[in-house]
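Bear in mind that the values in this text are calculations on the coordinates, not laboratory data. Given the structure is predicted, the values throughout are model-derived calculations rather than measurements. Every residue, glycine among them, receives a Cβ derived from its backbone with ideal geometry; neighbour counts consider all protein chains shown.
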Amino acid sequence: MKKEFFEADTNLKEQILDQIPTPVFSVDLEMNITYMNQAGLSLLDKSKNEVVGQTCFSVWNSKHCKTEDCCMGKSIVTGKAFSARTKAEIKGKVVTAEY
């Protein structure tokens, strides 16, 4: 695919994901955040530049982060989908997260 089509496709996907009122983000194989939608940025009160490139666990710091319970890590290793519920401290408040 040509670069300009790839960039247009990526921009369209981001515009769609930004309309979802629930935090959505993606990570690379090293657990670095590669994208976060506007709902996630608003929840964290951070800009895209502040989170993209940061590790998932440094941004969310949930009870599952860096443990065998981390569904993101399990998905990366196995290629399968996992989901769970956990708690994270965001801006001084404990938040329940389902992922």
- Task: Would you mention how many residues in segment 35-49 are within 12 Å of VAL59 (Cβ to Cβ) and within 9 Å of the chain's Cα centre (by Cα)?
- Result: 2
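Checking the conditions here, which among GLY73, GLY40 is crowded, with 16+ Cβ neighbours inside 10 Å and in contact with a His (Cβ under 9 Å, 6 or more places away or on another chain)? Steps first, answer last, please.
Numbers: GLY40 fails: in contact with a His (Cβ under 9 Å, 6 or more places away or on another chain).
Answer to the check: GLY73.
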- Item | Exclusive hit being polar (S, T, N, Q) and either surrounded by 14 or more Cβ atoms within 10 Å (Cβ to Cβ) or under 14 Å from the mean Cα position of the chain (by Cα) (or both), set THR67, THR96, THR55 | THR55
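Could you list all residues from segment 42-81 that are among the β-branched types (Val, Ile, Thr) and under 23 Å from PRO21 (Cα atoms)? Walk me through it before giving the result.
At the first step, the residues of segment 42-81 found to be among the β-branched types (Val, Ile, Thr) are 51-52, 55, 59, 67, 76-78.
The answer is VAL51, VAL52, THR55, VAL59.
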